[in-house]
Structures are given as C-alpha cells and as structure tokens.
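Colleague: Got a structure here, written out as structure tokens. Questions coming.
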Amino acid sequence: MSSEKAPFSTVFLMSKNISIALLSAVLAACSAPEAISVSGSSTVLPAVSKAADQYSSRTGISVIVNAGGSGGGFNQLAEGQTDIGMMSRDITAGELEKFKAISFKETAIGKDAVVPSISSEIYDAGVETLTLSQIADIYAGRVDNWAEFGGPDRAIFAIDKEASRGTRQIFMGVVMGDPKAEAPGADLVTGSNNEEQTALTQSDSAIGMLSYAWLNEDVRGLSITLDDGRIVEPTLDTIRSGEFPFVRNLNVVTRQDTKPSAEDFITFLLGPEGQKMVEESGYIRASN
Amino acid sequence: MNIANRQTYRRTTNFSGTKIYCLASAAISVTIVCTILVTLLVQSGPVLFTENAGLIGTKWNPSDGQFGILPMLFGSIFVMLIAVTIAFPLGLMAAVYIAETRSSKLRRALKSVLEILAGIPSIVYGLIGVAYLNIWIADLFDLQSGRIILTAGILLGIMILPTFLTLTEDAISAVPVKFRENAKSLGLYRHEVFFSIILPKAKSGIAGAGLLALGRALGETMAVMLVIGSLDRLPSPLFNPLSSGQTITSKLGREVTESAFGSPHFSALVFMGLLLVLITILLTIVSRLMFKQEDRHV
C-alpha cells in the first residue's frame with residue numbers, strides 16, 4: 001500500500017511543481033514589461049497608431065494606443081497611468097503647476113492645422129471664406145444666420161468641443177483670443193474629431209472645428225480672410241509655411257522617469273518610417 | 001459510534017463554514033457600499049470648501065473655478081422623467097397583455113426575447129441613437145440637430161422598457177391562481193378581477209420594477225452621452241425637451257479623465273456622483289415608506 005502511495009504522491013508533487021512553473025511562466029508572459037501604453041489626443045492618434053503597428057511587427061513590443069483628448073492624455077501621464085501622452089497642443093502653465101514635482105518632455109512628431117469646418121451644403125452655397133472676427137461672432141452668439149455671410153437664409157448650427165480638447169484650445173485661442181473662452185453661441189458640444197465630424201456631416205448648416213486630416217467632401221474646410229484682405233486656404237503648403245492661422249504641433253509627452261522602451265518608440269516616431277506614417281495620416285512631418 | 005461522531009462533527013463544521021462564508025459575503029457587500037459612500041463624501045470635500053465655486057449655479061467653467069451643477073442635475077431628472085413617461089405606461093400595458101391574455105407558451109417566448117433586449121449593451125443603443133434616432137427626430141421636429149434632451153429621453157425609455165416590462169409581468173404572473181379563480185367564481189368581470197384583485201396584489205412588485213428601471217435611467221451614461229448634445233446649459237424655456245442638455249452621467253463620462261485627481265474640478269464631478277447616489281437612495285426610501293403604509297391598510 002505504502003509503496004504504491006509513495007510514487008503517486010511524488011508524481012503529484014512533481015506535477016504540482018510543474019504546474020506552478022508553468023503558471024509563473026504564463027504570468028510572466030502576460031505581464032511582459034515590453035508593452036508601451038500611449039493615450040491622449042484623437043488628432044495625434046492616427047499617426048501614432050499606424051506607426052505603432054509597424055513598430056510592433058518589427059520589434060515584437062506591443063504598443064497600446066488609446067484616445068481620450070489632450071487633457072486626458074496629460075493627466076493620465078502625470079498620474080502614471082500611461083507611458084506616453086499624446087497632445088495636439090502645448091502643455092499649459094496650469095497643467096505644469098498641478099504636477100510641479102514631475103518634469104515633462106514634449107516632442108513634436110508633426111504639424112497639423114485646426115480648420116474651421118462647415119457643412120458642404122453651406123460651402124456649396126457660397127460661404128467659402130470667413131474672417132477670424134466673423135467666426136468669433138458665431139461662437140460668441142452675435143450672428144446666428146448664414147445669410148449674414150452671403151449664405152442661405154438658415155440658422156447657424158455652431159458645434160463646440162469639450163474644454164480640454166487640444167483642437168478647441170488652439171481654435172478658441174486664435175478666434176477668441178483665449179483658449180478657455182466660453183462659447184455662448186454654441187449649440188452642441190462634441191468630444192473627439194470623429195464625433196465632431198459625424199455631427200458636421202449630419203447637419204446641413206453647421207460650423208465646427210476639425211483637424212486638417214479629418215476634412216472630406218461632406219465636411220469642408222473654410223479659408224480664412226486675413227486683415228489685409230488676403231485669403232489663405234487650408235492646404236498642406238499654407239500649413240507648412242505657417243501662413244494658415246491655426247497651425248499647431250502634434251506632440252508626444254513623456255516624464256523624466258519614462259521607461260527606455262517608450263523612449264525608443266519616440267525615436268522610431270521621429271525616424272523616417274514614423275514620419276512617413278505622420279504624412280500618411282494627412283499631417284506634415286516634424287521640421288527637425 | 002465513531003462514525004456517528006464523525007458525521008455530527010462534519011455537519012457542524014460544514015454549517016459553521018457556510019455561516020462564516022455567508023457572513024463574510026454580507027460583510028464585504030456592506031463594506032463596499034460604505035467605502036463608495038465614504039469615498040464620494042471625502043472626494044467631494046475640496047469643492048464644497050472652495051469659496052465661490054458657484055455649485056448651486058448654472059455656470060460650469062473649470063478654468064474659472066465655476067462649477068454650477070444645476071444644468072446637469074436638471075438634465076438628469078428631466079431625461080429620467082421623459083424616459084419614465086414613455087416606458088411605464090407602455091410597459092405596464094404590455095405586461096398586462098402578456099400575463100393576462102396570452103398562452104403560457106407565447107409568454108415564455110416573449111419573455112426570453114425581452115430579456116435579450118434588456119441585456120443589449122448600452123453603447124449599442126447609443127450607436128443606434130446617433131445613427132438613426134437623432135436624425136429622425138431632427139426631421140420630425142424640423143431641428144438643426146437631433147442631439148437633444150428628448151432624443152436621450154426616448155432612447156432611455158426604450159432601454160428601460162424591457163427591464164420594467166419583464167419584472168412587471170413577473171409580478172402580475174406571481175399572483176396565485178386561486179385569487180383569480182375565486183374572483184371569477186364570484187362573478188367578477190375580467191377587468192374587475194384585474195383591477196380589484198391582481199393589481200393590488202402585484203403593486204409592490206410593480207413598484208420594485210419601476211424603481212429598478214428608474215435606477216437604470218438615472219445611471220445610464222454611454223447612450224445618453226452620445227445623443228444629448230452635452231451642452232452645460234439649462235434649456236430655455238426651462239421645460240423645452242427640444243434643446244440640447246447634459247446629464248450628470250454624461251458630464252462625468254466626458255470630463256472625468258480630463259480632471260486631475262484631487263482638484264476642485266475632479267471634486268465637483270465626484271460631488272455630482274454623490275448627488276446621483278443620494279437621489280437613488282431617496283427613491284428607494286420613499287417607495288419603501290409608501291408601500292409600508294399601504295400594506296397596513298390591506
């Protein structure tokens with residue numbers, strides 16, 4: 001009896017050891033230290049996620065890219081919930097103030113423009129260009145009909161964005177002179193570029209703000225009439241030269257204690273392949 | 001003797017093991033609820049002690065330190081009322097139809113379909129709302145956009161309907177057959193049987209169903225967020241369901257990742273969460289009290 005029992009328990013113990021070894025191996029594989037998480041601006045996202053695919057297939061390191069807006073990306077980075085934050089604007093003084101103990105590094109991976117965008121119906125009816133103060137009139141609620149700007153007699157449907165969105169802060173900074181300006185003329189508030197684009201497409205009398213890469217036949221970019229009467233169209237050339245008033249940097253942000261693999265991914269973003277993805281996403285490569 | 005001893009020993013250990021397990025489960029549930037309430041209270045602190053935060057105001061602008069919660073609070077209640085106005089009469093009538101006039105086979109089939117409906121993730125309703133409902137409503141009322149309070153209310157009404165219907169139907173079917181048979185044998189008409197026998201018996205069950213549905217309506221985030229327009233403003237005129245608005249949940253959904261933990265902004269969001277919990281608790285207490293009183297009369 002006992003001679004039978006002994007081998008059984010040894011086998012049992014051995015298999016237990018093996019299963020523990022296996023389990024720890026599996027767990028080690030799951031918690032692979034090589035996953036990089038990136039989070040933030042939905043404007044920067046397309047370029048980064050395309051580059052992330054390439055980077056992953058090349059190095060085997062997985063990169064997880066999430067949207068959430070520039071402000072959200074910054075907060076998650078500051079609170080240690082993500083390795084890299086994506087921001088379609090610069091870090092504000094207020095944000096730096098909130099996390100004084102941490103030092104952040106901004107790296108521009110490309111350039112983009114925020115384009116005042118209107119429904120194609122209004123564009124086709126003849127409203128192709130506005131001055132900055134005319135756009136400000138719309139968002140301040142002083143003008144509420146397209147007829148005032150030579151368009152059809154139809155109420156203006158002004159679409160605003162969530163206050164922390166990079167696109168909104170650039171737009172309001174240029175139009176209203178204050179990135180945090182309130183917009184009493186707004187009729188709707190959206191979040192990501194995606195959501196804003198849908199809202200613009202579904203309306204036939206809307207104005208909104210989109211990243212250049214999100215314009216299409218249903219959502220047209222307005223040209224801007226400058227004070228001296230010149231009209232600047234939103235094109236890659238005017239964005240590259242900085243002539244279009246709403247040009248901004250697309251940034252990735254890290255903290256001083258970011259892990260090396262994340263730094264390596266940023267180097268990849270700035271390299272030829274990463275920059276190609278920036279261009280394929282409809283943006284302009286970083287100047288450096 | 002030996003065997004008997006062992007059996008009693010086993011029985012007692014099993015019993016106390018189960019007892020401890022149940023006790024621990026109950027304790028954990030209570031602890032979780034308390035932890036949530038305490039966390040909400042503590043995290044609400046910063047904004048409550050911030051001067052001039054304008055909490056009971058209509059202006060929400062975190063960069064100016066203005067955290068007026070009235071538009072969100074009003075939006076939550078308004079949307080809930082619309083949803084309830086749509087779902088309760090429909091649900092009640094459908095439940096009566098299914099429970100009282102259909103065969104039990106059909107009843108089971110209908111119920112399983114309803115339970116599938118109740119299990120559809122809210123984001124799916126939200127996508128349908130964005131893709132179709134909001135456009136239909138914009139066309140119907142000739143609006144520039146269908147992302148309005150009414151759309152959110154209708155969508156929410158559709159979402160809570162299956163939950164309310166299926167639970168209400170359960171409550172009605174749970175009234176024992178002998179009540180119906182006795183009532184019928186006394187010569188009562190069908191509608192008399194229903195209104196004077198079955199409805200009073202099923203009342204507390206129906207109220208429970210209504211409360212669960214209300215809770216879901218108050219707590220629903222994704223679907224509402226996508227169709228309500230997210231404008232932090234009171235409608236003008238106040239009870240105009242055709243204007244864009246904001247609910248507490250849609251506000252939290254949009255802004256909670258953007259606010260830094262511990263800031264007055266974050267705290268103001270948590271405070272709204274606390275209000276939502278308090279409203280739910282209040283609803284529960286009110287309905288309990290209501291039915292306690294009625295039970296005494298019966």
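The values are calculated or read from the model by the stated rules, or taken from the named source; none is laboratory data. Note that the coordinates shown come from a computational prediction; the quantities given were computed from them, not determined experimentally. Neighbour counts run over all protein chains shown; Cβ positions are idealised from the backbone, glycine included.
Colleague: Give me the pairs: first residue in the range A:137-158 and of a type in the set (Ser, Thr, Tyr), second residue part of a loop (DSSP other than H, G, I, E, B), beta-carbon distance under 6 Å, and six or more apart or on different chains, which are they?
Modeller: Cβ pairs passing all conditions: A:TYR139/A:ALA183; A:TYR139/A:GLY185.
Colleague: So, one more: Look through the range B:73-91, keep the residues that are small (Gly, Ala, Ser) and out of contact with any Phe, Trp or Tyr (no Cβ under 8 Å at 6 or more places or on another chain), and return whichever of them is nearest to B:LEU278 (Cα to Cα).
Modeller: It comes out as B:SER76.
Colleague: Let me ask something else. Is it fair to say B:LEU41 is among the hydrophobic types (A, V, I, L, M, F, W, C), touching a helix residue (DSSP H, G or I) at 6+ places or on another chain (Cβ under 7 Å) and in a helix (DSSP H, G or I)?
Modeller: Yes: the conditions hold for B:LEU41.
Colleague: Kindly provide the set of residues from the range A:62-89 that are part of a loop (DSSP other than H, G, I, E, B) and surrounded by 18 or more Cβ atoms within 10 Å (Cβ to Cβ), ordered by number.
Modeller: Passing the criteria: A:GLY68, A:GLY69, A:THR82, A:ASP83, A:SER88, A:ARG89.
Colleague: Only one residue in B:ASN61, B:ASN52 is on the phi > 0 side of the Ramachandran plot, of a type outside the set (Asp, Glu) and more than 27 Å from the chain's Cα centre (by Cα), so which one is that?
Modeller: B:ASN52
Colleague: Here is a further query. If you check B:PRO200 against the conditions, is it touching a residue at least 60 places away in the same chain (Cβ under 8 Å) and either in contact with a strand residue (DSSP E or B) (Cβ under 7 Å, 6 or more places away or on another chain) or more than 14 Å from every other protein chain (Cβ to nearest Cβ) (or both)?
Modeller: Taking the combined requirement at face value, the residue satisfies it.
Colleague: Could you list all residues from the range A:243-262 that are part of a loop (DSSP other than H, G, I, E, B) and either of a type in the set (A, V, I, L, M) or under 19 Å from A:MET172 (Cβ atoms) (or both)?
Modeller: Answer for the range A:243-262, where residues must be part of a loop (DSSP other than H, G, I, E, B) and either of a type in the set (A, V, I, L, M) or under 19 Å from A:MET172 (Cβ atoms) (or both): A:PHE244, A:PRO245, A:PHE246.
Colleague: Here is a follow-up. Among the residues of the range B:234-249, what is the count of those that are modelled with pLDDT under 90, within 11 Å of B:GLY75 (Cα to Cα) and among the hydroxyl-bearing types (Ser, Thr, Tyr)?
Modeller: Of the residues in that region, 2 qualify.
Colleague: Which one is surrounded by the fewest Cβ atoms within 10 Å (Cβ to Cβ), of the residues in the range B:256-282 that are at pLDDT below 85 and within 26 Å of B:ALA223 (Cβ to Cβ)?
Modeller: The qualifying residue surrounded by the fewest Cβ atoms within 10 Å (Cβ to Cβ) is B:VAL256.
Colleague: Going by the structure shown, is A:GLY71 closer than 23 Å to A:ASN193 by Cβ and facing chain B (nearest Cβ under 10 Å)?
Modeller: Yes.
Yes/no matrix, rows are residues, columns are (1) within 21 Å of B:THR247 (Cα to Cα); (2) touching a residue at least 60 places away in the same chain (Cβ under 8 Å); (3) surrounded by fewer than 20 Cβ atoms within 10 Å (Cβ to Cβ):
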{"residue": "B:GLU100", "(1), (2), (3)": "no, yes, yes"}
{"residue": "B:SER104", "(1), (2), (3)": "no, no, yes"}
{"residue": "B:VAL113", "(1), (2), (3)": "no, no, yes"}
{"residue": "B:ILE128", "(1), (2), (3)": "yes, no, yes"}
{"residue": "B:ALA131", "(1), (2), (3)": "yes, no, yes"}
{"residue": "B:ILE154", "(1), (2), (3)": "yes, yes, no"}
{"residue": "B:ASP170", "(1), (2), (3)": "no, no, yes"}
{"residue": "B:VAL177", "(1), (2), (3)": "no, no, yes"}
{"residue": "B:ALA183", "(1), (2), (3)": "no, no, yes"}
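Colleague: Is there a residue in the range B:204-222 that is assigned to a loop (DSSP other than H, G, I, E, B), under 23 Å from the mean Cα position of the chain (by Cα) and surrounded by 20 or more Cβ atoms within 10 Å (Cβ to Cβ)?
Modeller: Yes, the range B:204-222 has at least one match.
Colleague: Just for the range B:244-277: of the residues that are small (Gly, Ala, Ser) and part of a helix (DSSP H, G or I), which one is farthest from B:LEU234 (Cα to Cα)?
Modeller: Across the range B:244-277, the extreme among qualifying residues is B:SER267.
Colleague: Could you grab me the full set of residues in the range A:143-182 that are more than 10 Å from chain B (Cβ to nearest Cβ) and in a loop (DSSP other than H, G, I, E, B)?
Modeller: Answer for the range A:143-182, where residues must be more than 10 Å from chain B (Cβ to nearest Cβ) and in a loop (DSSP other than H, G, I, E, B): A:VAL143, A:ASP144, A:GLY150, A:GLY151, A:PRO152, A:ASP153, A:MET176, A:GLY177.
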